[in-house]
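Reviewing the structure listed below.
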């Protein structure tokens, strides 16, 4: 199955500028393609995964991907999909963000070996050196204002307002495509559906600069906007975005996001995000239809995604935490695993190394009063590191601390509390 046919079968093709022409080029030779990632934050999130994985799919098919970090465009801000101006960051901040994003891309794409090793580029290389006169003469003259106003990314902002800074973003991204076409023989740009206007503008700039050439084989491809069956935005949870940086979203939290996928979404997510064969995904779809309570497809999705974005060790750790929470065997966890698994539960820091159980659960807010605390303990509602404790005179000491730092107290079936010891 050729790469375009597979992408189409997985539902990953939204628009292509010239499908027949692109297919012919992909069949005939190695194609260099790119996707841009603006460093508007210190980490990418799972909303960026589809284009990254698309680059990986093309790489596995023998083509050469360029991961373009927008050190230049990141100083401006893309108006696409936004109702208001972005907050502009200082150059030093954008540089720092650029390095973080490059490292995250390197975890998924292969930059090291082979004829189709991925290439990292930063558009500050050419945009940062361009004077305003060069920008206006060499690029701006090719863009009619009416043409730009008709693009969805600009048109949607006319009423709410758009600055000249963001209005010019389309030209800057077009310059990226032109420069990569000239320097790297890059003939394909991919991106999300909201990038269609910017991509086609880039193709137009390439054609205008290639006047006199017989053929300009350059193409654009967009992937569809991901929507969830319940109507909520993909990649968002009650706690916020799901980040690729393990310091912002732990591997355990990342694993849990995927394992909690809705039955109505999981098969499509397997097609979009994983490299499992379509036949294997069909088998997992049957599991969803016949044994949904087993969540076989969700577990496989969570495994594949955690390995891809983090690594095998992070997956093992996430699974261990999951098993410990399900079984109540909290003592089997390390301190690092405790920090991952209980990152978002209420926490209390105890000053003393030994403290009475009743006193602790009142001080930490687990129970509202000493009377309530005694009732909770006597009724068997209090668990220390997964084990029920009904001793009113129990003192939390060294035997109750994991790595001498943490004690996990549970009240009832699901209310966890993290006690930290200084």
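Each value in this text was obtained by applying a stated rule to the coordinates, not by laboratory testing. As the structure is a computational prediction, the values presented were derived from the model and not from experiment. Here Cβ is always computed from backbone atoms with ideal geometry, including for glycine, and neighbour counts include all displayed protein chains.
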DSSP beta bridges in the range 347-421 [antiparallel fraction, %, rounded to 5]: 80
Taking a ≥ b ≥ c as the square roots of the eigenvalues of the Cα gyration tensor of the range 307-422, is the shape rounded (a/c under 1.5), prolate (a/b larger than b/c) or oblate? prolate
Using only Cα atoms, tell me the angle between helix 49-60 and the longest principal axis of the chain; keep it within 0 to 90° and round to the nearest 10. 60
Note: residue 163 to residue 248 extended length (0.36 nm per residue) minus current alpha-carbon separation gives 27.4 nm
What whole number of Å gives the distance from the Cα centroid of the range 44-70 to the Cα centroid of the range 1-41? 11
If one compares the long axis through the Cα atoms of helix 91-106 with the longest principal axis of the Cα atoms of the chain, the angle in degrees, nearest 10, works out at 80
Rounded Å value of the spacing that divides the Cα centres of the range 271-314 and the range 90-104: 32
For the range 127-240, what are the per-bin percents of Cα-Cα distances with bins 5 Å wide, up to the bin holding the maximum? 2, 10, 18, 19, 18, 14, 8, 6, 4, 1, 0, 0
Between residue 152 and residue 184, take the C-beta separation as r, use R0 = 35 Å, and let me know the FRET efficiency to the nearest 0.05. 0.80
Which shape class, rounded, prolate or oblate, goes with the range 46-175 when its Cα gyration tensor gives a ≥ b ≥ c as root eigenvalues, a/c under 1.5 marks rounded, and past that a/b bigger than b/c marks prolate? prolate
Only counting other Cβ atoms within 10 Å, I'd like 194, 311 sorted with the fewest neighbours first. 311, 194
For the range 204-333 the mean separation of alpha carbon contacts under 8 Å (6+ apart) over residue count, i.e. relative contact order in percent, is 23
Work out how much length residue 359 to residue 260 would gain on full extension: take 0.36 nm times their residue separation and subtract the Cα-Cα distance, in nm to one decimal. 32.0 nm
Output the 0 to 90 degree angle, nearest 10, between the alpha-carbon long axis of helix 263-273 and the longest principal axis computed from the alpha carbons of the chain. 50
Contact order normalised by length for the chain, with contacts defined as Cα pairs under 8 Å and 6 or more residues apart; what percent is it? 14
Obtain the nm distance between the two label points defined at residue 343 and residue 404 by a simple spin-label model: each point lies 7 Å from its Cα along the Cα-to-C-beta direction. 2.7
Rounded to one decimal in nm, the spacing of the 7 Å Cα→Cβ label points at residue 352 and residue 24 is 8.3
Can you tell which of 74, 21, 356 shows the greatest fluctuation in a Gaussian network model of the chain with Cα springs below 10 Å? 356
Taking 315, 270 and counting other beta carbon atoms within 10 angstrom, the fewest-first order is 315, 270
Which one is right for this structure if Kirkwood radius over Cα pairs in Å is calculated from it: (i) 21.6; (ii) 25.5; (iii) 24.4? (iii)
Can you figure out the FRET efficiency of residue 131 with residue 216, using R₀ = 35 Å and their beta-carbon distance, to the nearest 0.05? 0.85
Let me check I have the definition right: for the range 3-223, take the eigenvalues of the Cα gyration tensor, multiply each by 5, take square roots. What are those semi-axes in whole Å, largest first? 25, 21, 17
Where both partners of a DSSP beta bridge lie in the chain, what percent of those bridges are antiparallel, to the nearest 5? 50
Rounded, prolate or oblate: which fits the range 236-327, taking a ≥ b ≥ c as square roots of the Cα gyration tensor eigenvalues, rounded meaning a/c under 1.5, else prolate when a/b beats b/c? prolate
Most mobile of 104, 317, 294 per a Gaussian network model of the chain (Cα springs, under 10 Å)? 294
FRET efficiency for residue 332 and residue 275, Cβ-Cβ distance as r, R0 = 41 Å, nearest 0.05? 0.80
Is it possible to state the helix-based mean residue ellipticity at 222 nm for the chain, with each DSSP H run of 4+ residues giving -39500 (n - 2.57), the sum divided by total residues, to the nearest 500 deg cm²/dmol? What is it? -12500 deg cm²/dmol
Candidates 139, 318, 210; GNM for the chain (alpha-carbon contacts under 10 Å) flags as most fluctuating 210
